[in-house]
Amino acid sequence: VQLVVESGGGLVQAGDSLRLSCEPSGRAFSNSALGWFRQAPGKEREFVAAIVWSGGSTYYADSVKGRFTISRDVARDTVYLQMNNLKPEETAVYYCAAGSRRAVVTDRRPEVWGQGTLVAVSS
């Protein structure tokens, strides 16, 4: 079973930057796509960004376009989410997820989820 592990969360101030990382636990990534989702307190989980492992095509939620960048390092078998100009309303648990391209990019319902990492943005 493919597992993923996130890291890099923390407490920052509004306008600051933070980079999250996602690595496979155990065997290397074999899924077609990786994505980042987030869930704020009292809200539903929402899509943030996704990347197709082969080729590197990227997809973003409108709310993060121009500020967040998803990328992958094939040699390190790691996916990153660079978040710039963070806002207090983006305080949430951020989850890395993996699955087929359709599951992650189209349906936004990945098969595999990490445990999440907390990002707290103070005003």
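The values are calculated or read from the model by the stated rules, or taken from the named source; none is laboratory data. If you're wondering where the values come from, they're calculated on a predicted model, not measured in any experiment. Cβ atoms come from the backbone with ideal geometry, glycine included; neighbour counts cover every protein chain shown. SASA here: full protein model, heavy atoms, side chains in, ligands and nucleic acids out. Shrake-Rupley method; radii C 1.70, N 1.55, O 1.52, S 1.80 Å.
Do the conditions hold for residue 86, that is, is it under 20 Å from residue 12 (Cβ atoms), part of a loop (DSSP other than H, G, I, E, B), modelled with pLDDT of 95 or more and of a type in the set (A, V, I, L, M, F, W, C)?
yes
Right, residue 67: among the charged types (D, E, K, R), surrounded by 14 or more Cβ atoms within 10 Å (Cβ to Cβ) and out of contact with any Leu (no Cβ under 7 Å at 6 or more places or on another chain) or not?
It is true that residue 67 is among the charged types (D, E, K, R), surrounded by 14 or more Cβ atoms within 10 Å (Cβ to Cβ) and out of contact with any Leu (no Cβ under 7 Å at 6 or more places or on another chain).
Can you name the residue in the range 6-63 that is among the small types (Gly, Ala, Ser), assigned to a strand (DSSP E or B) and open to solvent by less than 30 Å² (accessible area, probe 1.4 Å) and is also nearest to residue 101 (Cα to Cα) among such residues?
33
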